[in-house]
Amino acid sequence: MITAKNLTKRFGKLVALDSVNLEIDKGVTLILGPNGGGKSTFLNLCVGLYRPSKGEIKVLGENPWSNDRLRKKIGVSFDPPALPRHRSGGEWLRYLAEFKGLDDSEVNEAAKLFSASGYLDRKIGEYSAGMLKRISLAQAFLGSPELVLLDEPLANLDLKGIKEVAGILKELAEEGTNMVVISHIWRPLVEFSDRVVVIAAGRVVLEGTPNEVIPNIEEI
């Protein structure tokens with residue numbers, strides 16, 4: 001699904017990712033690590049928001065930089081959610097659906113999945129943090145994409161919301177949805193993850209099955 005070879009990203013003198021080599025297969029991959037370790041930079045490279053400083057990254061076999069064809073095949077939820085404040089949630093989801101060649105039924109299905117149907121007509125600028133998260137998750141799963149990338153999908157949700165969203169993600173995983181998930185709230189997600197990758201100080205420091213990685217995570 002994703003292949004990184006000597007992937008490096010610099011921001012001036014800051015090296016956010018340093019010669020990362022990584023292959024992510026089908027299934028659910030959970031990416032963990034400390035703040036500032038390079039996790040979100042990796043995701044942004046995957047979706048083509050950043051161009052590598054060195055090395056390469058391929059997503060579904062393609063270069064993600066300025067690639068609208070690839071963007072129609074994947075779904076993304078950022079943290080914080082990247083949503084237009086002056087549009088309603090429904091307008092935004094319909095805009096994305098049109099870009100992907102989907103109809104309104106797919107919008108309604110995605111919104112219902114994450115309990116967001118009740119406020120699609122409200123301006124996004126009026127949303128609470130939890131509502132923003134649910135709309136962002138709905139956008140990521142529009143049209144059953146080949147690959148979904150989620151940055152902190154459980155952030156800004158109350159305990160009930162965390163349990164609900166984690167349960168939805170588990171069901172989607174069991175149905176065969178391919179996901180790459182970055183999360184500090186990882187315990188509700190690890191039970192249905194196929195692989196865990198730990199990125200710290202811009203490098204991959206651990207990778208393997210949950211049983212191989214989780215017992216060692218406190219040593220990082």
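Descriptive notes on the structure:
- Those trypsin sites (Lys or Arg not before Pro) in the stretch 1-91 that DSSP places in a loop and that have at most 13 other beta carbons within 10 Å: 13, 26, 85
- Order of 158, 18 under a 10 Å beta carbon neighbour criterion, fewest first: 158, 18
- The residues packed around residue 77, meaning those with a beta-carbon under 9 Å from its beta-carbon, carry a net charge of -2 if Lys and Arg are +1 and Asp and Glu are -1.
- Under 13 Å, Cβ to Cβ, from residue 197 - net charge with Lys/Arg +1 and Asp/Glu -1: -2
- For 42, 99, order by how many other beta-carbon atoms lie within 10 Å, fewest first: 99, 42
- Three-way shape call for the stretch 81-215 based on the alpha-carbon gyration tensor, with the a/c threshold at 1.5: prolate
- Relative to the dominant Cα principal axis of the chain, helix 89-99 is inclined by about 70°.
- Ordered by the number of other Cβ atoms lying within 10 Å of each residue's own Cβ, fewest first, 185, 135, 24 fall into the sequence 185, 24, 135.
- For residue 123, no residue 5 or more places off, or on another chain, has a built amide H under 5 Å of its own.
- Cα gyration tensor, the stretch 102-173 - rounded (a/c under 1.5), prolate or oblate: oblate
- Alpha-carbon centroid distance for the pair the stretch 1-45 / the stretch 74-146, whole angstrom: 26 Å
- Under the combined filter of DSSP loop state and at most 16 neighbouring Cβ atoms within 10 Å, the stretch 113-188 retains these trypsin sites (Lys or Arg not before Pro): 122.
- Cα gyration tensor category, rounded, prolate or oblate, for the stretch 54-95 with a/c compared to 1.5: prolate
The numbers here are math on the coordinates, done by the rules we state, and not lab data. Owing to the predicted nature of the structure, the values given are computational and were not obtained by experimental measurement. Glycine gets a Cβ as well: all are built from the backbone with ideal geometry, and neighbour counts include every protein chain shown.
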